[in-house]
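The values are calculated or read from the model by the stated rules, or taken from the named source; none is laboratory data. On a predicted model such as this, the values are computed, not experimentally measured, just so you know. Positions of Cβ are backbone-derived with ideal geometry, glycine not excepted, and every protein chain shown enters the neighbour counts. Side chains are part of the model used for accessible areas, which takes the heavy atoms of the whole protein and leaves out ligands, DNA and RNA. Shrake-Rupley method; radii C 1.70, N 1.55, O 1.52, S 1.80 Å.
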Protein chains: 2
Amino acid sequence: MCIFCKIISKEIPSYAIYEDEYTYAFLDNCQDAIGHTLVVPKQHCVNLLDCPIELLGKVTETVHKIAKHYVDDCGYQGVNILNASGQCAQQSVFHLHIHLVPRKAGDNINMWPDNARQEMNLSTVCQQLQLK
Amino acid sequence: MCIFCKIISKEIPSYAIYEDEYTYAFLDNCQDAIGHTLVVPKQHCVNLLDCPIELLGKVTETVHKIAKHYVDDCGYQGVNILNASGQCAQQSVFHLHIHLVPRKAGDNINMWPDNARQEMNLSTVCQQLQLK
């Protein structure tokens, strides 16, 4: 059983933020930002790519609900959402999880990756990637 | 009219990846990663926090569809998803947009923010943020 399945089943303890029939949300133990939360489906799937769209909808509903709770009720003014799907995309735990980081002005957190501009031809890229 | 509304209405040209009744997807012009795509709802909303959940569901469906297309059809093996909601969360254009970055092994991109570990008491944080 994967570590997040063990957390969902309470075999491993976690700091629960929210739970419903389809989803579970708990504090990330990386402690890089106060309130850094992980939202996961209870049904095991690896990442966004193999998650059934109906279940992904439930995960999205929970992300939305918690984001609004953090801003409406907990003194935050914004949120960042992050997901890594695939080892090459820097995914480290292979159970779908959406990172939700509550933000406030002057929190001295940087949740934006910093990559240098690359040479590319957007027209060519567009032709290669367009979904017809 | 906001810049993304102008892009959606074709008043400003963009490199279209996908379009349906509710959503539009186009290449980000920041050019930090090949295929960096923005998925937006056609109906204007500022960010995740004011987006009606039904519309956010449509945006999620489009993100899922394009992510699978990139991996199934375009030679990628994973994706990153990012969203900034709120100026304090480093949002820069105030029309909801989900960043979708296709990834492959050895692409030399870092899509993960790097923040130092902070001192915090997860139990206290949990009590403050729990959604009952």
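The selection criterion, being more than 8 Å from chain A (Cβ to nearest Cβ) and not β-branched (Val, Ile, Thr), holds for residue B:100.
Residue A:108 satisfies every condition listed in (1) in contact with a helix residue (DSSP H, G or I) (Cβ under 9 Å, 6 or more places away or on another chain); (2) open to solvent by 50 Å² or more (accessible area, probe 1.4 Å); (3) on the phi > 0 side of the Ramachandran plot except (1). All of A:34, A:7 fail the test of being assigned to a loop (DSSP other than H, G, I, E, B), among the β-branched types (Val, Ile, Thr) and at pLDDT 95 or above, apart from A:34.
Within segment B:52-104, the set of residues being of a type in the set (Ser, Thr, Tyr) and out of contact with any strand residue (DSSP E or B) (no Cβ under 7 Å at 6 or more places or on another chain) comprises B:60, B:92. Is one or more of the residues making up segment B:81-93 small (Gly, Ala, Ser), open to solvent by 70 Å² or more (accessible area, probe 1.4 Å) and not in a helix (DSSP H, G or I)? Yes, some residue in segment B:81-93 is small (Gly, Ala, Ser), open to solvent by 70 Å² or more (accessible area, probe 1.4 Å) and not in a helix (DSSP H, G or I).
Would you check if residue A:45 is in contact with a Cys (Cβ under 6 Å, 6 or more places away or on another chain) and surrounded by fewer than 19 Cβ atoms within 10 Å (Cβ to Cβ)? So residue A:45 passes the test.
Quick check: anything in segment B:55-64 farther than 29 Å from residue A:73 by Cα, free of Cβ contacts under 8 Å to residues at least 40 places away in the same chain, within 14 Å of the chain's Cα centre (by Cα) and outside any loop (DSSP other than H, G, I, E, B)? Reasoning before the result, please.
To start, the set of residues in segment B:55-64 that are farther than 29 Å from residue A:73 by Cα comprises B:62, B:64.
Next cut, free of Cβ contacts under 8 Å to residues at least 40 places away in the same chain only: B:64.
After this cut, where a residue has to be within 14 Å of the chain's Cα centre (by Cα) as well, the list is B:64.
Right, trim to outside any loop (DSSP other than H, G, I, E, B) and you get B:64.
Yes, the conditions are met somewhere in segment B:55-64.
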